[in-house]
Amino acid sequence: MKAAVVVFPGSNCDRDCKVALERTTAAKVEMVWHQETSLPAALDLIVLPGGFAFGDYLRCGAMAALSPVMAEVRAAAARGVAVAGICNGFQVLCEAQMLPGALLRNADLKYVCRNVDLEVVNQQTRFTAAFAGRREARMTVGNGEGAYFADEETLDELEGEGRVVFRYRDNPNGSARAIAGIVDETGNVLGIMPHPDRAFEAELGSADGALLFQSILASA
Amino acid sequence: MTTPVRAVVHVFLKAGVLDVQGKAVENALHGLGWAGVSGVRVGRVIEFDIAAENPFEAETAVKAICEKLLANPVIEGYRVEVAP
């Protein structure tokens, strides 16, 4: 598998994502600076990592969504390349309108950083197939603006089309309908607030994130 | 001839989007004794100069800027003031 991790100024989980992908899928991983106007050839996966791109100024992900590389990410997704936005990457995908909705300030105004239990709502996606019947997953969240928001109509549509992929068991941030992860209408673009890259081997407290990366490997 | 026009943009969360900052400020004001305060909203103000032929052209450009970057139409509304 060949993957690219996009690096924005302020990304801080980019190297975690590289290590997680290498160890769980043996992928060849290239780091791609946000100013690039082309992507490496023959990619199977593009990761938008966690962090604080552009200092979270204005709105989380707002400036990053306008970075030159995002036009290439959008085109790659349209070609069928898997795109996974994790935490800040999820915010970037929403700001880029590659995913519906937005991430708001957490309901209690607090930054929340802890392990969370998730329901794997849809196991038929290219990001979850390796869960193979397991409905439970544990990953780590670390966010201050992680409350997923979309209007009721959009939420109904997401649920009706099986595009809610992960849901919190115990909603840590006030997300609408406890949504932790969604895919776009093509199924190629995933946004997930918890970090699979912080939960990919037992020493980290959970290895469930590895299943997400291995699902992508299998779909590549 | 283009002359700089001063633009002031006010961005607020839309009605129906929970403004947790506004709620926290409102609770703090109640705690200080202002029991009559309600409907607090916290937003942001962005000011800049923009070159334009006339205020109408400036306003059109500023609105485009709001749609593109300054506000996220999914969650936010905005109000534009332009002054020559």
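None of the figures in this text is laboratory data; all of them are computed from the coordinates on show. Note that the coordinates shown come from a computational prediction; the quantities given were computed from them, not determined experimentally. Counting neighbours? That spans all protein chains shown, and the Cβs are built from the backbone with ideal geometry, glycine included.
Per-structure values
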{"quantity": "Eligible lysines near A:Lys2 by straight Cα distance, threshold 19 Å, same-chain separation 8 or greater", "calculated": "A:Lys18, A:Lys28"}
{"quantity": "Spacing of the two label points (7 Å from each Cα toward its C-beta) at A:Ala207 and B:Ala28, in nm", "calculated": "4.7"}
{"quantity": "Within segment B:3-42, backbone nitrogen closer than 13 Å to the virtual label 7 Å beyond the Cα of B:Glu57 toward Cβ", "calculated": "B:3-5"}
{"quantity": "Euclidean distance between Cα centres, segment A:121-188 to segment A:35-102, Å", "calculated": "18"}
{"quantity": "Cross-link partners of B:Lys23 among lysines (Cα-Cα below 20 Å; sequence separation of 8 or more within a chain)", "calculated": "A:Lys110, B:Lys14"}
{"quantity": "Theoretical ellipticity at 222 nm over chain A - DSSP helices of four or more residues, -39500 (n - 2.57) apiece, nearest 500", "calculated": "-7000 deg cm²/dmol"}
{"quantity": "Compactness of segment A:19-164, expressed as Rg and Dmax over alpha-carbon positions, Å", "calculated": "15.8, 44"}
{"quantity": "Debye log10 I(q)/I(0) at q = 0.16, 0.17, 0.19, 0.23 Å⁻¹ for segment B:3-83, Cα point scatterers", "calculated": "-0.67, -0.72, -0.80, -0.97"}
{"quantity": "Computed label-point distance, nm, for sites B:Ala64 and A:Arg138 using a 7 Å Cα→Cβ extension", "calculated": "5.4"}
{"quantity": "Projected label distance in nm at B:Phe48 and A:Arg169, using a 7 Å step from Cα toward the beta-carbon", "calculated": "4.7"}
{"quantity": "Extended-chain gain in nm, criterion 0.36 nm per residue less alpha-carbon gap, A:Gln124 and A:Glu185", "calculated": "20.6 nm"}
{"quantity": "The protein assembly as shown - share of DSSP beta bridges that are antiparallel (%, nearest 5)", "calculated": "70"}
{"quantity": "Ratio Rg/Rh [Cα only; Rh per Kirkwood] for segment A:106-220", "calculated": "0.95"}
{"quantity": "Cβ-derived FRET efficiency at R0 30 Å, A:Glu157 paired with A:Ala220, nearest 0.05", "calculated": "0.60"}
{"quantity": "For the protein assembly as shown, alpha-carbon Rg and Dmax in angstrom", "calculated": "20.6, 68"}
{"quantity": "Scattering curve values for segment A:1-84, log₁₀ I(q)/I(0), Debye with Cα scatterers, q = 0.20 Å⁻¹", "calculated": "-0.86"}
{"quantity": "B:Val40-B:Val17 FRET efficiency (beta carbon distance; Förster radius 25 Å; 0.05 resolution)", "calculated": "0.95"}
{"quantity": "Cα pair count fraction exceeding 12 Å, expressed as % - segment A:89-154", "calculated": "75"}
{"quantity": "Cut-off 11 Å between beta-carbons: net charge of the residues surrounding A:Arg59, Lys and Arg +1, Asp and Glu -1", "calculated": "-2"}
